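Peer 1: The structure is given below, and queries will be raised subsequently.
The values are calculated or read from the model by the stated rules, or taken from the named source; none is laboratory data. For clarity, every value in this text was computed on a predicted model and none was experimentally measured. Glycine gets a Cβ as well: all are built from the backbone with ideal geometry, and neighbour counts include every protein chain shown. Surface areas here come from the heavy atoms of the whole protein model, side chains and all, with no ligands, DNA or RNA. Shrake-Rupley method; radii C 1.70, N 1.55, O 1.52, S 1.80 Å.
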Amino acid sequence: MKKFISKKLILAAVFFFLLLDVFLIINYQRNGIGYQPIQNVSFSHKLHSKKKKTCLFCHHQAETHCYANLPTTKTCMICHIALKTESSLLKNVLYSYDSLISLRYIKINDLPDYVRFNHSLHIRSGIDCATCHGFVDEMDSTYQAKNFTMGWCVDCHNKPEKYLIKPREISGIFYFNDTTLFEKINFSDPMKFVKIISTNLTLILPQKIKPASTNCSICHE
């Protein structure tokens, strides 16, 4: 009798842990928090942010496009054509540059194909990158920091004050506060050009935080 009970307990325990494993796997695939694949290029956002490289320096299309581009070899070589070229961490970048074979990345923050997300719209609203991506500027190896389920997005649209982070300088979210700026620039005088640009850049401040639409067509075509 005892043996029969112990076998039932063992089977029940095995079944329970199998169910738990399945739940954890499904939940992980569903929200992806902590997903941290090994990339072909070793890149420390933390190190580069200390050198004042902004998010939009490498991911510049996020400001004007729906999607945020991943940096090309050309972007890397703007600095590394003459900087740290002996570093083993740059081996794949230099190979890409010499061979003309594009760099490849494993996408980390990946939404399903049926979801439409507009980066430029969020940036123009004064929403810092860290709101969705976490503080990537403090990460050595990038990982998914937020739960990109529909519930998370809808909750942010309904209660933005719980999630929104004001734009930071490291994100590079700026706009010109003088619409007649280019009429004043003397392009033949580089120092004057730099001075005018630097004095007319203003950090975007978020408008009054208010709930965004949760209509299905906002995120789904």
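Peer 1: Which number comes out as Rg/Rh for segment 67-119 once both Rg and the Kirkwood Rh are worked out on C-alpha atoms?
Peer 2: 1.10
Peer 1: Length gain on complete extension for the stretch M150 to I78, per 0.36 nm per residue less the alpha carbon to alpha carbon distance?
Peer 2: 22.1 nm
Peer 1: Tell me, what is the per residue accessible area of segment 49-113 in Å², probe radius 1.4 Å?
Peer 2: 73 Å²
Peer 1: Can you work out ³J(HN,Hα) from phi for every residue in segment 135-152, in order, using Karplus 6.51 cos²θ - 1.76 cosθ + 1.60 and θ = phi - 60°, giving whole Hz and x for Gly and Pro?
Peer 2: 7, 4, 5, 10, 9, 7, 10, 5, 9, 6, 9, 10, 8, 8, 7, 4, x, 5
Peer 1: Follow-up. Can you compute the modelled spin-label distance between R116 and S213, with each label point 7 Å from Cα toward Cβ, in nm?
Peer 2: 1.0 nm
Peer 1: What chymotrypsin sites (Phe, Trp or Tyr not before Pro) does segment 54-137 have in DSSP loop regions with at most 10 other beta carbons within 10 Å?
Peer 2: Sites meeting the loop and neighbour criteria: Y114.
Peer 1: Right, something else. So between L11 and L47, what do we pick up on full extension, going 0.36 nm a residue minus the alpha carbon distance?
Peer 2: Gain on extension, L11 to L47, equals 7.9 nm.
Peer 1: Right, next: Keeping all protein chains in place and using 1.4 angstrom, which order do E221, E169 fall into by accessible surface area, from largest down?
Peer 2: E221, E169
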